[in-house]
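Asker: Below you'll find the structure I mean.
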Amino acid sequence: MSLRPRRVAAVMATTALVISMMANPAHAVFDPIGTEPTGPYAQPVDANVPKRGCTTTLSDPTNASSSIPAVQVIYAWHDGNGNNYAAFVERIAKIVDRMDWSVDESTNYDQHINLSCRTGYNTSTYAGYAQALVIPEKIENGVIGGETPPDVIADDLGAAGYDNANRRYVVFEDFDGTGTAHCGPVCVGTADEWDSGTLLHELIHLHEVDHAKVTEAGIDEISDVMTSQYNDWQLDADFNNYYDPSEPAAMLYTSKYPDPRKLNVAGYSVFTTPTCCDVGYSNDLLTAQERTIEAEAPYGYPSSFTVSGGGWMQVTPPGPDNQVSARYYDGRRSLTMNVQSYADGFVSLTRRPPVTAGQRYKFFARATTGTSGNVRLRMSWYNSSGTLLSSTDSSLIALNSGWQEYSVSGLAPTGATTVQLSVMTPSGQTFAYLLDSLQLNHCNNGKTTDGCRLDA
Ligand SMILES: [Zn+2]
């Protein structure tokens, strides 16, 4: 193993402790012919999957110290099943291309995986590209007649020189192995069930993203590649668990309370910098603060929000774990609206995001109450003079004790240039509810029935 800078070694050691706790249960059955995830909609057929291609090419892939951070793809084999590299190399490259497609197609941001290749192959042909991309490595200490654990693979790669801190190793196991993310001495995302959802899931684990932490609050989370990788390929559709390409500097809690780690996969060093805008499954027209109410102290006045009518609001104070979202979800803060009965009450985003007349938009929010009460979601459409044109309301929602997601969608009417988002409470009620996880989707993906992302 080559010498690493001290700082990097410390980071790697920390990572190893963390990631050993987030590994998937091992799969008992070796099955390299995995099934691709099909949610939230089908991936393209093989011929139409964009070829990602090589981002960086090295004559010696074990000497990557001067290279940009990138993913190195490994085909791992041992004497149990033998070396089937020639048979599998193009299949593996296609799965990697699907991983890249999934990152890019998840949102309206253009973002890709940096892939490391080796010289000596004609990458203008798919066969040559596949051989440049995928490196075969025999795992000498692989378990024959049993399951090979990930640390054996990481040790083997490290001993073979694949140990650079600016590489993340995506390992296709041609033997009974595990679907796991493991760091130490090198960071490997492994799978013996080969599909793009599983390998992307493990690659994202290497950036210290846990399985969706919101499961700790017992809510219905939008399934995605970190919660349902066998079914779903997309990343964090509501931009609040681990991935917000619109604000790579916005940090999100990625594990259960009280774990303090915060990050944003949009800043993953082996990914390209996200650039706006193209068409993808999800998008959001809000800022991270508007979406998650995270930058505030408990009891404070939530910035970016305005109250009118019956009620008053505050950043949710600390409280019981099973009720108060201040500890759960995105920034571990939420907004509390204390509803008063004398008039309709409104919590509104102060800023009115721009819209295009004739286009469809969908407003999502999560809300919960420890008692009971009714709310509506409202989109109020304004023209360029700031005159209210019309509004679109959801049906009446009876809140419950779960952090359920609610939504309303509507077409921006002729003349509309902005929309105000509100949660309103009809008069005559006295109760408190908690609000969090807002999103404004521009419904233009062309792949779902109404062009919006799906509800949780
Ligand atoms: Zn996992």
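The values are calculated or read from the model by the stated rules, or taken from the named source; none is laboratory data. Note that the structure is a prediction, hence the values are computed from the model and not measured. Backbone-built Cβ (ideal geometry, glycine too); neighbour counts: all protein chains shown. Surface areas here come from the heavy atoms of the whole protein model, side chains and all, with no ligands, DNA or RNA. Shrake-Rupley method; radii C 1.70, N 1.55, O 1.52, S 1.80 Å.
Asker: Tell me which residues, restricted to segment 50-77, are open to solvent by 60 Å² or more (accessible area, probe 1.4 Å), in contact (Cβ under 8 Å) with a residue 40 or more places away in the chain and small (Gly, Ala, Ser).
Answerer: Scanning segment 50-77 gives SER59, SER65.
Asker: Hey, another quick one. Check segment 435-446 and report whether any residue there is surrounded by fewer than 18 Cβ atoms within 10 Å (Cβ to Cβ) and closer than 21 Å to TYR41 by Cα.
Answerer: yes
Asker: Then there's this: Given the structure, is VAL214 hydrophobic (A, V, I, L, M, F, W, C), modelled with pLDDT under 95 and more than 14 Å from the ligand (Cβ to nearest atom)?
Answerer: Yes: the conditions hold for VAL214.
Asker: For residues in segment 272-304 being open to solvent by 10 Å² or more (accessible area, probe 1.4 Å) and assigned to a strand (DSSP E or B), which is farthest from THR56 (Cα to Cα)?
Answerer: Selected residue: CYS276.
Asker: Since SER384 meets every condition but one in (1) surrounded by 14 or more Cβ atoms within 10 Å (Cβ to Cβ); (2) more than 14 Å from LEU421 (Cα to Cα), which condition does it not meet?
Answerer: Single failed check for SER384: (1).
Asker: Of the conditions (1) within 28 Å of ASP278 (Cβ to Cβ); (2) within 16 Å of the ligand (Cβ to nearest atom), GLU247 clears all except one; give me its number.
Answerer: Of everything listed in (1) within 28 Å of ASP278 (Cβ to Cβ); (2) within 16 Å of the ligand (Cβ to nearest atom), GLU247 misses just condition (2).
Asker: Continuing with the same structure: Given PRO150, PRO136, which one is of a type outside the set (S, T, N, Q) and within 28 Å of the chain's Cα centre (by Cα)?
Answerer: Exactly one of PRO150, PRO136 is of a type outside the set (S, T, N, Q) and within 28 Å of the chain's Cα centre (by Cα), namely PRO150.
Asker: Okay, moving on. Looking at GLY80, GLY39 in this structure, which one is at pLDDT below 95, surrounded by 13 or more Cβ atoms within 10 Å (Cβ to Cβ) and not hydrophobic (A, V, I, L, M, F, W, C)?
Answerer: Of GLY80, GLY39, the one residue that is at pLDDT below 95, surrounded by 13 or more Cβ atoms within 10 Å (Cβ to Cβ) and not hydrophobic (A, V, I, L, M, F, W, C) is GLY80.
Asker: Would you please name the residue that is modelled with the highest pLDDT, looking only at residues in segment 217-242 that are away from the ligand (no atom under 14 Å from the Cβ) and touching a Leu at 6+ places or on another chain (Cβ under 8 Å)?
Answerer: TRP233
Asker: Here's a follow-up. Quick check on my filter: what residues within segment 396-438 are at positive phi and either within 26 Å of the chain's Cα centre (by Cα) or free of Cβ contacts under 8 Å to residues at least 24 places away in the same chain (or both)?
Answerer: The one that is at positive phi and either within 26 Å of the chain's Cα centre (by Cα) or free of Cβ contacts under 8 Å to residues at least 24 places away in the same chain (or both): SER437.
Asker: Does segment 205-222 contain at least one residue that is open to solvent by 10 Å² or more (accessible area, probe 1.4 Å), in a strand (DSSP E or B) and within 24 Å of THR180 (Cβ to Cβ)?
Answerer: no
Asker: Can you find, within segment 156-203, the residue that is nearest to the ligand (Cβ to nearest atom) among those that are charged (D, E, K, R) and open to solvent by 10 Å² or more (accessible area, probe 1.4 Å)?
Answerer: My answer is GLU193.
Asker: Moving to a separate point now. Kindly indicate whether SER391 is out of contact with any Leu (no Cβ under 9 Å at 6 or more places or on another chain), without any contact (Cβ under 8 Å) to a residue 60 or more places away in the chain, surrounded by fewer than 20 Cβ atoms within 10 Å (Cβ to Cβ) and under 28 Å from TYR281 (Cα atoms).
Answerer: Judged against the criteria, SER391 is a match.
Asker: List the pairs whose first member sits in segment 155-166 and is within 20 Å of PRO69 (Cβ to Cβ), whose second member is of a type in the set (Lys, Arg) and at pLDDT below 95, and whose Cβ atoms are under 6 Å apart, counting only residues at least 6 apart or on separate chains?
Answerer: From residues that are within 20 Å of PRO69 (Cβ to Cβ), the pairs are ALA165/ARG4.
Asker: If you don't mind, there's one more thing I want to ask. Can you confirm whether VAL152 is touching a residue at least 60 places away in the same chain (Cβ under 8 Å) and out of contact with any His (no Cβ under 6 Å at 6 or more places or on another chain)?
Answerer: Answer is no for this residue.
Asker: Of everything in segment 337-367, what is open to solvent by less than 60 Å² (accessible area, probe 1.4 Å), among the polar types (S, T, N, Q) and farther than 17 Å from VAL408 by Cα? Give them in sequence order.
Answerer: ASN338, SER341
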